[in-house]
Amino acid sequence: MTRGQRLREAINWINASTLTGLLIARTGRAEVARQPDGIRTATRYRGVGPRRTFTVGNVLLTRHSAAELQNRPELLSHESRHSTQWALLGPLFVPCYYIEVLISLLLTGDDAAANVFEVAADLEAGGYACRPLQRRAAQARS
């Protein structure tokens, strides 16, 4: 692990987001494995979640199998960036993220296309499409 990855892991333990992610993984009966970069993958997650794959602290929760996830290195990279966002914001990540969802919906009609957290994590790596501003939003900006 790099120094930055160790720091991210420590901060996400201190801010309790990794503990929260592990509790969510346990309630969703996921298979948890620690990766070399400190991320814990919780595969075959069966619980409630906002998407097929999401991250809480240093825990990547996914409905994918471990083999499917390993075949998606771009998704692992995308979710790793979200882990860093958790380290930067701690529990504030959740309300900030959903404020960005609302802004993105208003601007593009899509919950991710203009969400700064998804854009910073690389939209396409996360399986999202880039979308133009909606006509009303574009007119309001001019």
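On inspection, ALA87 does not qualify as on the phi > 0 side of the Ramachandran plot and touching a residue at least 60 places away in the same chain (Cβ under 8 Å). Among the conditions (1) closer than 24 Å to GLU124 by Cα; (2) in contact (Cβ under 8 Å) with a residue 40 or more places away in the chain; (3) crowded, with 17+ Cβ neighbours inside 10 Å, SER77 misses just one, which is (3).
Considering every residue within the stretch 29-38, establish whether at least one is under 22 Å from ARG3 (Cβ atoms) and either touching a His at 6+ places or on another chain (Cβ under 8 Å) or buried (at least 19 other Cβ atoms within 10 Å of the Cβ) (or both).
yes
Take GLY21 and decide whether it is within 20 Å of LEU123 (Cβ to Cβ), under 13 Å from the mean Cα position of the chain (by Cα) and either at pLDDT 95 or above or not polar (S, T, N, Q) (or both).
no
When you scan the stretch 1-9, do you find a residue that is surrounded by 19 or more Cβ atoms within 10 Å (Cβ to Cβ), over 14 Å from the mean Cα position of the chain (by Cα) and not in a helix (DSSP H, G or I), even just one? Looking through the stretch 1-9, none of the residues is surrounded by 19 or more Cβ atoms within 10 Å (Cβ to Cβ), over 14 Å from the mean Cα position of the chain (by Cα) and not in a helix (DSSP H, G or I).
To keep it simple, each residue is scored yes or no on (1) at negative phi; (2) free of Cβ contacts under 8 Å to residues at least 24 places away in the same chain; (3) out of contact with any helix residue (DSSP H, G or I) (no Cβ under 6 Å at 6 or more places or on another chain).
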position: ILE14; (1), (2), (3): yes, yes, yes
position: LEU22; (1), (2), (3): yes, no, yes
position: ALA30; (1), (2), (3): yes, no, yes
position: ASP37; (1), (2), (3): yes, no, no
position: PHE93; (1), (2), (3): yes, no, no
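The values are calculated or read from the model by the stated rules, or taken from the named source; none is laboratory data. Keep in mind that what you see is a predicted model, and the values were worked out from it rather than measured. As a convention, Cβ positions derive from the backbone with ideal geometry for all residues, glycine included, and neighbour counts pool all protein chains shown.
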